[in-house]
Amino acid sequence: MPVGVKAVVYDRYGGPEVLRVAQIPTPAPSADQVLIKVAATSVNLSDWEGLTGSPGYARIGGLRAPRRRVLGSDIAGRVAAVGAGVTRFRVGDEVYGDNLGLLGGFAEYAVAPVAALARKPAALTFAEASTVPQAGAIALQGTARARRGQRVLINGAGGGSGSFAIQLAKRSGAHVTGVDNAGKLDFMRGVGADEVVDYTTSDFTRLEPFDLILDLVAHRSVFAYRRALAPGGRYLCVGGTVRSVLRVVTVGAALGLATGRRLGLLIAREGPAYFEPVAERCASGELRISIDRMFALEETARALSYLGEGRALGKIVVTV
Ligand SMILES: NC(=O)c1ccc[n+]([C@@H]2O[C@H](COP(=O)([O-])OP(=O)(O)OC[C@H]3O[C@@H](n4cnc5c(N)ncnc54)[C@H](OP(=O)(O)O)[C@@H]3O)[C@@H](O)[C@H]2O)c1
């Protein structure tokens, strides 16, 4: 095992310019962890949030400086070493998973707990597998209540979670509206949205009422969300501004109860139980994986810029 590995590190919150390529000591797995030789790591909005330290919840565990020096949670690669207590995986196994607790995927090697990992389906490349864990788990849980004939709206639908959520909601028989910027409208139609809305010119909360709203980037008032819900409808917030998220869990919950709707936060559960079903449907060809661009490890800052500037259609992947 090399004593040092190449990684993309940062020591303070900021834009992509605070990232730099450096040598770090090879991480050592503890008893219930494995060391992974990283092949691909997909970029999530949570990486951008961890880089910039914004919204405020991205600083949990690291108020003034980042809690981890290396970002990257959605890892795919080969097991290079196993901790003393690991029986599920062996050196050489091809694995993937969401390493949200430890991060470290923008590097040649990373450690991850066994519980976060699954065996990579043979039909998926490492790059494809790396796109599924976080985005797939959010999309699966966010669309679990979508039913045939319902009107489902997905806000932020042109990104990673959104492109899976559109497909999953469509397959449950719902009529799906995707909301994102003008450059992503064709993309959302392409993955199956029945209707698309440009958030820069239209306010979706003034359209027809919906039975289910999955909001990946909440920033409006709870009164607007309440207005957009049909009686009995449900609004699920997954991410967004701190102000919007806090209002959803406080005022939103009460407002929903008083008006026969439900407004709440979806805290997506992590782990193979939540992403493997999505990966299997991708491997069988039922769901499509949309990789917009791939970047080399040394170009991680560019990969994050591409996502942060709002240009990514679906997923961005860093390959090592
Ligand atoms: N609740 C949980 O347990 C949990 C766990 C992990 C992650 N998350 C959250 O999950 C969310 C989804 O992440 P992701 O990786 O799918 O993000 P992503 O790939 O960046 O997709 C987000 C999409 O939303 C669009 N968008 C930005 N502002 C918008 C607005 N005002 N209205 C409509 N669309 C807008 C973005 O487009 P442009 O910016 O290009 O316009 C982008 O296409 C993030 O908020 C993340 O923090 C939640």
Log entry, pairs with first residue in the range 146-169 being without any contact (Cβ under 8 Å) to a residue 40 or more places away in the chain, second being near the ligand (Cβ under 8 Å from one of its atoms), beta carbons closer than 7 Å, six or more apart or on different chains, reads Ile166/Ala157
Looking only at the range 110-119, how many residues end up being within 18 Å of the chain's Cα centre (by Cα) and part of a strand (DSSP E or B)? 3
Can you pull out the residues in the range 155-198 that are within 22 Å of Glu276 (Cα to Cα) and aliphatic (A, V, I, L, M)? Ala157, Ala165, Ile166, Leu168, Ala169, Val191
Output for the range 46-78, where each listed residue is in contact (Cβ under 8 Å) with a residue 40 or more places away in the chain and either in contact with a Leu (Cβ under 7 Å, 6 or more places away or on another chain) or hydroxyl-bearing (Ser, Thr, Tyr) (or both): Ser46, Asp47, Trp48, Gly50, Leu51, Thr52, Ser54, Tyr57, Val70, Leu71, Gly72, Ser73
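Here's the yes/no breakdown for (1) over 20 Å from Gly77 (Cα atoms); (2) acidic (Asp, Glu); (3) buried (at least 16 other Cβ atoms within 10 Å of the Cβ):
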| residue | (1), (2), (3) |
| --- | --- |
| Val5 | no, no, yes |
| Pro16 | yes, no, yes |
| Pro29 | no, no, yes |
| Val38 | no, no, yes |
| Ser42 | no, no, yes |
| Gly56 | yes, no, no |
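Yes/no matrix, rows are residues, columns are (1) within 16 Å of the ligand (Cβ to nearest atom); (2) over 27 Å from Ser54 (Cα atoms); (3) assigned to a loop (DSSP other than H, G, I, E, B):
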| site | (1), (2), (3) |
| --- | --- |
| Phe223 | no, no, no |
| Arg243 | yes, no, no |
| Leu255 | no, yes, no |
| Gly264 | yes, no, no |
| Phe275 | yes, no, no |
| Arg281 | no, yes, no |
Within the set of pairs 6 or more residues apart or between chains, which connect a residue that is of a type in the set (S, T, N, Q) inside the range 7-31 to a residue that is surrounded by fewer than 18 Cβ atoms within 10 Å (Cβ to Cβ) and outside any loop (DSSP other than H, G, I, E, B) with Cβ atoms less than 8 Å apart? Gln23/Gly4; Gln23/Lys6; Thr26/Gly4
Hits in the range 93-109 - residues which are within 30 Å of Gly15 (Cα to Cα) and assigned to a loop (DSSP other than H, G, I, E, B): Asn99, Leu100, Gly101, Leu102, Leu103, Gly104, Gly105, Phe106, Glu108
Which residue, of Arg78, Arg64, Arg88, is loosely packed, with under 12 Cβ neighbours inside 10 Å, away from the ligand (no atom under 16 Å from the Cβ) and at negative phi? Arg64
Going by the conditions given, is Ile316 crowded, with 22+ Cβ neighbours inside 10 Å, in a loop (DSSP other than H, G, I, E, B), within 16 Å of the ligand (Cβ to nearest atom) and at pLDDT 95 or above? no
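Tell me, yes or no, whether the range 154-165 has at least one residue that is more than 10 Å from the ligand (Cβ to nearest atom) and not β-branched (Val, Ile, Thr). Walk me through how you get there before you give the answer.
Narrowing the range 154-165 to residues more than 10 Å from the ligand (Cβ to nearest atom): none.
No, the range 154-165 contains no residue that is more than 10 Å from the ligand (Cβ to nearest atom) and not β-branched (Val, Ile, Thr).
Can you confirm whether Val251 is closer than 30 Å to Val18 by Cβ, touching a helix residue (DSSP H, G or I) at 6+ places or on another chain (Cβ under 8 Å) and part of a helix (DSSP H, G or I)? Lay out the reasoning, then the answer.
Working: closer than 30 Å to Val18 by Cβ: no; touching a helix residue (DSSP H, G or I) at 6+ places or on another chain (Cβ under 8 Å): yes; part of a helix (DSSP H, G or I): yes.
Here the answer is no, as Val251 does not meet what is asked.
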Check Leu168 against each of (1) crowded, with 24+ Cβ neighbours inside 10 Å; (2) closer than 25 Å to Arg269 by Cβ; (3) within 8 Å of the ligand (Cβ to nearest atom) and name the one condition it does not meet. (3)
For the list (1) within 25 Å of Arg234 (Cα to Cα); (2) crowded, with 24+ Cβ neighbours inside 10 Å, I need the number of the one condition that Ala129 fails. (1)
Within the range 135-145, does at least one residue satisfy the condition of being under 23 Å from Ala81 (Cβ atoms), within 13 Å of the ligand (Cβ to nearest atom) and of a type outside the set (Val, Ile, Thr)? no
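Could you count how many residues in the range 91-107 are surrounded by fewer than 20 Cβ atoms within 10 Å (Cβ to Cβ) and touching a strand residue (DSSP E or B) at 6+ places or on another chain (Cβ under 8 Å)? Even if it seems obvious, please write down each step before you answer.
Just the residues of the range 91-107 that are surrounded by fewer than 20 Cβ atoms within 10 Å (Cβ to Cβ), to begin with: 91-94, 100-102.
Narrowing further to those that are touching a strand residue (DSSP E or B) at 6+ places or on another chain (Cβ under 8 Å): 91-94, 101-102.
Residues flagged as surrounded by fewer than 20 Cβ atoms within 10 Å (Cβ to Cβ) and touching a strand residue (DSSP E or B) at 6+ places or on another chain (Cβ under 8 Å) within the range 91-107 amount to 6.
The values are calculated or read from the model by the stated rules, or taken from the named source; none is laboratory data. Keep in mind that this is a model prediction, so the values were computed, not measured. Using ideal geometry, Cβ is built from the backbone for each residue, glycine included, and neighbour counts are taken over all protein chains shown.
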